[in-house]
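See structure below.
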Amino acid sequence: MFFRIISAIMFTIAGAVTGIYFSERLKSDLDFCRNIREMFMNTAVIIRCSAVDVYSIGSELRKNRKFQRLEFLNTIPEQYSPESNFREIWINAVKSQKNLPDDVKGLLCDFGYVLGQSDIEGQLESIATLTEKAGILEKNYSDIYAQKGRLYRSIGILFGIMTGILII
């Protein structure tokens, strides 16, 4: 009987941990959306104040500690190279980061395409549009996290308890 109670407790804990894990994955997606929106706003400030090239923008973003979770920034070169295409490098770097949701990757690829494509005002307008899209995406992920995060945690605990009761 003692082993059944211990195993019931273990299954309850395992269910709770599983529910928390899936809830945290949703929260991670929401955090990525927040980081992306902040990165867009930060880039707009850099372009407005410094009017630097795309490689310098990548270097500035890499130095910012807020964007450490955006690992693809580390693969962006810091200096111009005639045999490389910045947009291709950016898109390949974004696609190589596995823990980004697909819609966030699409938004980041659009952002990489916008950088350096036109004059300062054109870039700022495009970045403002992408920032709005990132805000909408953030709101969607926030709603999903609010609904499904609690659901995942509750269901995990309930399935753990149910399994524990079946064992007893």
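What follows is calculated from the coordinates using simple rules that are stated; it is not laboratory data. On a predicted model such as this, the values are computed, not experimentally measured, just so you know. As a convention, Cβ positions derive from the backbone with ideal geometry for all residues, glycine included, and neighbour counts pool all protein chains shown.
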Taking region 74-168, the whole-percent share of alpha-carbon pairs separated by over 17 angstrom is 67
Stretched fully, the stretch from ASN74 through ILE46 gains (0.36 nm per residue minus C-alpha distance, one decimal, in nm) 8.3 nm
The relative contact order of the chain, taking Cα pairs under 8 Å that sit 6 or more residues apart, comes to a percentage of 51
Here, trypsin sites (Lys or Arg not before Pro) of region 48-121 satisfying both criteria (DSSP loop; at most 16 other Cβ within 10 Å) are ARG69, LYS98
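Quick one: of LYS95/LYS133; LYS63/LYS139; LYS66/LYS98; LYS27/LYS105, which pairs are farther than 21 Å apart, Cα to Cα?
LYS63/LYS139, as the Cα separations exceed 21 Å there.
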Among chymotrypsin sites (Phe, Trp or Tyr not before Pro) in region 43-81, those in a DSSP loop whose Cβ has at most 11 other Cβ atoms within 10 Å are TYR80
Measuring from the longest principal axis of the C-alpha atoms of the chain, the long axis of helix 54-63 (C-alpha) lies at a number of degrees, nearest 10, equal to 40
Low-density loop GluC sites (Glu not before Pro), region 47-133, at most 12 other Cβ within 10 Å, DSSP non-H/G/I/E/B, are GLU78, GLU83
Over the chain, the sum of -39500 (n - 2.57) across DSSP H runs of at least four, divided by residue number and rounded to 500 deg cm²/dmol, gives at 222 nm -26000 deg cm²/dmol
